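Comments concern the structure below.
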Amino acid sequence: MTNETKRSSFTGKIGFVLAAAGSAVGLGNIWRFPYLAAKYGGGIFLLTYLVLAVTFGFALMTAEIAIGRKTGLSAVGAFQKLSKKFTFVGYLGALVPALILPYYSVIGGWVTKYLVDFATGSAKTTADGGAYFSAFIGSDWQAAVWFLIFLGVTALIVLFGVEKGVEKVSKIMMPVLVVLALAVAIYTCTLPGAVEGIKYYFIPNFNAFSFNTVLAAMGQLFYSMSLAMGIMITYGSYMKKEVSIESSVTQIEIFDTGIAFLAGLMVIPAVFSFTGAAPQSAGPGLMFISLPQVFANMGIIGSVVGTIFFLLVLFAALTSSISLMETVVSIVGDKFKLGRKLSCLIVFVVSVLLGLVSCFGYGMWAEIKVIGMQFLDFFDFLTNSVIMPVIALFTCIVVGFVIKPKAVEDEVEECGAKFKRKALFRVVIKYVAPICIVLILLSSVVGVYSEPITNALANLIGHDAAAGVMKYFVV
Ligand code: TRP
């Protein structure tokens, strides 16, 4: 295995699965999944997510990897080659990592700060139910400095092209992260009162179900598996013909979902143990509030465990942010015919500006809301709940009706093995996924404008009936 062959294609199935899983596993699994699960009803969110993963996630990831391998191109070129009319889907996909990178780095900054807190032993103040955390993210410049450190490190690594080094370290640290997460989850689940949390996480409460649950779970699925943004198309373009797409997809999904599931098991029972109830205002800060409490509870070893844990999370976050930035830099470079240094600088500056907006959104700009959301939530919503579903929808249309599912199915069978879930793939990509996505997108619009719509509906069908209908749209 020389460096030369490595660059042009992944050396085999394991190489491919590890690289794709490396992009997939990040803050999405450890930070985002638990807080969404807590917010959207626990068990019902978990169930929805799992159902979507084996249908939507499976079909879309298969389609994207196959498109990449078939065309040998990354998203923009691939869509152009399949159908000129749909080139815009590739561009739309390129926009997503550019919008994610800035706020991803804000969260990365929080992780860095917590790591330093634990490492220097000044983390005692974190066991106070969130006051310390709120003060920190609302501190404007202090939070901004940590964000700049995280983004700066990411940029330097991308600039000097030393990603491989970080990836190597991360390949060792990933399994350690899994083992540590498992240990912490077991500890958390034995805390007094945690049983209620375990029940909340495992037993679906169908009353908590709404379209928003599906929208949130779908957005999380795309985000966590790096789907609907062209990433998997690029990965597919490096995949060798003899490697099985189907079983690679299965393994990536199991890996990614497994880590997210474990993270939920670390965070949610802890919240119940410390507050005695479901998290009231479960937002992006959940992990930063509940885990430090778990570590504080562990006594003296807590600070060691906390330090190691945040170090591992930092590495998972860094590999993802590097790959996000790398994607954006190469798109900018190709598109505007710029050198690597200059494109890097441009992406860095734009990300600083966008990231600062998210950062100050918790402090001096807290009063400013975009469609009722703080800036960070808004960027997150815009990418995960709007742009990515739209891209997924068009991907389904292109595969289902333009190039036809058979093109993908043949590509999957290139490796010589039969495509076992062909029927499932075909139904999902042609009908189930596009219809669901349209319904869900409509419902998200209804959710965002729920007040005027409820009022209008109340005039038509009466107050109670309107409230009955709307409960399926708004959480
Ligand atoms: N999937 C990553 C995570 O779970 C986040 C992510 C989204 C990402 N898009 C990406 C990572 C593109 C690398 C490349 O955290």
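If you go through the range 326-356 and pick out every residue that is free of Cβ contacts under 8 Å to residues at least 60 places away in the same chain, β-branched (Val, Ile, Thr) and crowded, with 19+ Cβ neighbours inside 10 Å, you end up with 1. Of all residues in the range 25-46, one or more are within 14 Å of the ligand (Cβ to nearest atom), out of contact with any Lys or Arg (no Cβ under 7 Å at 6 or more places or on another chain), touching a residue at least 24 places away in the same chain (Cβ under 8 Å) and over 20 Å from Asp377 (Cα atoms). Looking at Ser303, Ser323, Ser281, just one residue is among the polar types (S, T, N, Q), away from the ligand (no atom under 16 Å from the Cβ), crowded, with 19+ Cβ neighbours inside 10 Å and modelled with pLDDT under 90, and that residue is Ser303. Among the candidates Glu246, Glu167, the residue that is within 15 Å of the ligand (Cβ to nearest atom), more than 18 Å from the chain's Cα centre (by Cα) and assigned to a helix (DSSP H, G or I) is uniquely Glu167. For the range 71-78, the criterion of being closer than 30 Å to Glu242 by Cα, within 15 Å of the ligand (Cβ to nearest atom) and of a type in the set (S, T, N, Q) is satisfied by at least one residue. What residue, among those in the range 226-243 that are assigned to a helix (DSSP H, G or I) and surrounded by 21 or more Cβ atoms within 10 Å (Cβ to Cβ), is nearest to the ligand (Cβ to nearest atom)? Once the filter is applied, the top-ranked residue is Ile231.
In the set Tyr187, Tyr223, Tyr201, only one residue is within 25 Å of Ser444 (Cα to Cα), more than 16 Å from the ligand (Cβ to nearest atom) and assigned to a helix (DSSP H, G or I); that residue is Tyr201.
The values are calculated or read from the model by the stated rules, or taken from the named source; none is laboratory data. Remember, it's a predicted structure, so these values are computed and weren't measured experimentally. Every residue, glycine as well, gets a Cβ built from its backbone with ideal geometry; the counts of neighbours run over all protein chains shown.
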